[in-house]
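Worksheet: one structure, shown below.
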Amino acid sequence: MADDVEQGFRAEVAEWLKANFPASLAYKNPQPYHNDGALADADADFQLWLRRIADKGWGAVTWAPEYGGAGLTRAHEAVINQEMARIGAFNPNRSYGMMMLGPTLLEYADDEQKLRFLPGIAKGTVRWCQGFSEPGAGSDLASLQTKCIDQGDHWLVNGQKIWTSGANHAHWCFCLVRTDTSRKQAGISFLLIDMSSPGVEARPITLISGTTHFAEVFLTDVQVPKENIVGGVNQGWAVAKRLLQFERDSLAGNRAEAPSLAPLAKRYIGEDADGRIADPDLRRRLILNSMRSRAYSQTFQRAAREAKAGTGTSPALSAVKNLGSDVSQERGELIVEILGNRGLGWEGGGFEPDELEATRAWLHSKAYSIYGGSFEIQNNITAKRVLNLPDYQ
Amino acid sequence: MAVLNEEQRMLRDGAEAWALDRAPVTALRRLRELDGQTGFDPDLYAEMAEMGWTGILVPEEFGGSDFGHLSLGLIVERLGRTLLPSPLIDSAVAAVGALRLAGNAAQQERFLPALASGELVAVLALDEDRRHPQRQVALAAERDGDGWRLSGVKRPVPFGMAAGLFIVPARTTDGVALFLVDGDAAGLDRRALREVLPRGAAILSFDNVAVGPDALLSPPGEGQGVLDRVLDRACICQAAEMLGAAVQAFETTLDYLKTRKQFGRIIGQFQALQHRAANLYAELELTRSAVEAALAALDEDGDDIPVLASLAKALAGDTLRRMATEMIQLHGGIGMTDEHDAGFYLKRARVADMSFGNAAFHRERYARLCGY
């Protein structure tokens, strides 16, 4: 975009946002609306905002209009994001569909599938969940066993999925199924299943943090139309790997530097005569975490600059994800340690809401090094793909 | 790797080619065998000056190129890979920095061209014994007519045996001042220290050394502020050099994991070793980010240079020491031999960590600056 064109577009965006972004949502953390919970439970202004964004095509700025997007460039998208950030607005259409499935369909789906599924993602009206992991297939995902048998005019699916985020609110599920039992990766297909089909049951799983973000999905004699396979029969592993890359990208996504814990520590623990956090052992660990956290966000900024300039040697995402989970999990531990006895509350009176939230967040943080490819799997990827270390033979 | 402009790419590639040809680890080995007191190879330093590296931070009017710290950082990172001992950071960063920040016109005209051309090596006489001073300078300066008299000891002073000029922080009744002291000054005694790696370190004893008013670089009370800014620059470039050493230690070790066989297989097939390598790789990336952010902040004259300097130096210190230790462990017995290079990386890790304040010093400084 030429500078003057960009200036014009920027002004247009600012004007539209001014007219359409509900003021009540400014600087609100949009996280609670994403994925967890049904859209109908979101507040009215959020629903209004999502509708307006969808009508404008900005739910998926760079997608073609026939797919529900605005058909604009990444540069346009950057301007829109910048203008939103400037006034505390946000894109309300962040979902698993946008994050993972949409970009995968753009690469692997046929024209008919794209026209059928992309608009619902772009408009935020159809919610998706990810049916990958199974009780016996976690880190070793390709050992999945959910059976998918060709019945001539439809597929018949039987099996169980687990750790399916938001399954109890999702309309559809992108699922990995086994269409050939004689080969491991080469017997997997990528299948789109309507969650309202007979035989689909989602049961929420309560985690150590007390939340029910995840569910188990039971598939019992579920009939799925033949045309719902993406990328071809037994070709699903390639599609899945691409989708996992999109997932990793978004999990490693640009995190703002976490705010300093020094004020919290001084409030709860006090200061010594020299103005330092009074507990020297905890203070030292807080410092180490702060330094690593800062270098972690510097790593993001560097990766973004390098990606923009197209210089090759950006830090590998697999390593970045591990650094991120490490830094965040340590932070969760440190906060609870700062809170002391106030960090032991579960619910009810006697604790501040922030204290209860911090305790739940600490428990939830243990998932960071498990989901989206565990710490160990990320290290396998770094060792093999980045460092070119040989496979065990 | 940072996003570079054309000129920076040329400098980096030039440094790469030169280092491969002229500065392998054998250059360090040769210096050690010579048992000299200089601590670096003057011919190699002259070649570095010829390529303009000693003038990268010197303004053009004084014979430099003023290309900036990121440019110099790229070069010292490359030289750090093979551990070349040279006073580039001490002289072309720290001494040049001190003269640019605090020198008057006469001092700049007198010394900056000679530093840029490499004819003069100037170093900071900073540490006084066991620890990097934390606002506790013992060496004393007393007024004597319109000049000063300096008494006390500085040790170790890297490249102190060869330097022609010292920048000396000294305590006065009105706070710290910085002095320019000629290497040949009467009453200044230099004694060589033999350290784990050659760097021409010296004990400087100042016995009532008389200097004129033109030797005052930074007056009492202002010296500490200037010194802090000089040390930020030195720290950041030192961290870039340490990053280079850590990268090479990692790559050498990775090569070994891909060739060494035991139990009938390449040891790099073992997951325990693969994961150690993956974790070390992540630490390297983290350190690179901190170093490059700090170099960029110097060139942009950012507000948070002290924080970024301490972050980079502390991370580089921890990462290089861990990398060098793992280099020896993962090489096994051969890594313990003098014949192998691994020991040099371990020794450099310790020496470089102690230069301009070690990791612990900089963690504490970072903590103070950030309100912990």
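The values are calculated or read from the model by the stated rules, or taken from the named source; none is laboratory data. Just so you know, these numbers come straight off a predicted model, no measurement behind them. Neighbour counts run over all protein chains shown; Cβ positions are idealised from the backbone, glycine included. SASA here: full protein model, heavy atoms, side chains in, ligands and nucleic acids out. Shrake-Rupley method; radii C 1.70, N 1.55, O 1.52, S 1.80 Å.
Quick notes
- Restricting attention to segment A:273-298, the residues that are open to solvent by 40 Å² or more (accessible area, probe 1.4 Å) and of a type in the set (A, V, I, L, M, F, W, C) add up to 3.
- Of the candidates B:A49, B:A2, B:A23, B:A27, the single residue that is at pLDDT 95 or above and of a type in the set (G, A, S) is B:A49.
- Scanning segment A:348-393 for residues that are within 27 Å of the chain's Cα centre (by Cα), more than 16 Å from A:D326 (Cα to Cα) and of a type outside the set (V, I, T) yields A:P353, A:D354, A:E355, A:L356, A:E357, A:A358, A:R360, A:N380, A:A383, A:K384, A:R385, A:L387.
- Subset of segment A:212-250 that is open to solvent by less than 60 Å² (accessible area, probe 1.4 Å) and over 20 Å from A:W172 (Cβ atoms) - its residue that is nearest to the chain's Cα centre (by Cα): A:R248
- Only residues that are of a type in the set (A, V, I, L, M, F, W, C) and out of contact with any Asp or Glu (no Cβ under 8 Å at 6 or more places or on another chain) were counted in segment B:50-82, giving 5.
- Enumerated helices (runs of 4 or more DSSP H) restricted to segment A:213-332, each holding at least 3 residues that are more than 10 Å from chain B (Cβ to nearest Cβ) and closer than 28 Å to B:E364 by Cβ: A:262-269, A:280-309
- Qualifying residue in segment A:373-387 (condition: aliphatic (A, V, I, L, M), surrounded by 19 or more Cβ atoms within 10 Å (Cβ to Cβ) and more than 28 Å from A:F214 (Cα to Cα)): yes
- Test: residue in segment B:75-92 that is more than 17 Å from the chain's Cα centre (by Cα) and outside the structural domain of B:L320 (by TED's automatic domain parsing): no
- Considering segment B:165-214, the qualifying strands (runs of 3 or more DSSP E), each wholly inside and each with 2 or more residues that are crowded, with 22+ Cβ neighbours inside 10 Å, run over B:165-172, B:175-182, B:202-211.
- Meets criteria (over 18 Å from B:G221 (Cβ atoms) and touching a Pro at 6+ places or on another chain (Cβ under 7 Å)) for B:F159: yes
- Unique residue being in contact with a helix residue (DSSP H, G or I) (Cβ under 9 Å, 6 or more places away or on another chain), crowded, with 18+ Cβ neighbours inside 10 Å and either at pLDDT below 95 or among the charged types (D, E, K, R) (or both) when the list is B:V121, B:V137: B:V137
- Residue count, segment A:151-197 (criterion: closer than 18 Å to A:N228 by Cα, part of a loop (DSSP other than H, G, I, E, B) and hydrophobic (A, V, I, L, M, F, W, C)): 2
- Filtering segment A:255-267 to residues that are open to solvent by 70 Å² or more (accessible area, probe 1.4 Å) and modelled with pLDDT of 95 or more leaves A:P263, A:R267.
- Single match in B:V181, B:V121, B:V153, B:V157 (criterion: under 15 Å from B:A92 (Cβ atoms) and β-branched (V, I, T)): B:V121
- Of all residues in segment A:50-77, exactly one satisfies the criterion of being closer than 24 Å to A:H213 by Cα and in contact with a helix residue (DSSP H, G or I) (Cβ under 7 Å, 6 or more places away or on another chain), namely A:G59.
Here's the yes/no breakdown for (1) among the aliphatic types (A, V, I, L, M); (2) modelled with pLDDT under 95:
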residue	(1), (2)
A:K147	no, no
A:G166	no, yes
A:W172	no, no
A:T179	no, no
A:Q185	no, no
A:L192	yes, no
A:M195	yes, no
A:A202	yes, no
A:S209	no, yes
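- Qualifying residue in segment A:198-210 (condition: among the acidic types (D, E) and in a strand (DSSP E or B)): yes
- Qualifying residue in segment B:237-255 (condition: more than 14 Å from every other protein chain (Cβ to nearest Cβ), farther than 17 Å from B:L284 by Cβ and not polar (S, T, N, Q)): yes
- Criterion violated by A:G270 - all others in (1) open to solvent by 50 Å² or more (accessible area, probe 1.4 Å); (2) of a type outside the set (A, V, I, L, M, F, W, C); (3) under 30 Å from B:C370 (Cβ atoms) satisfied: (1)
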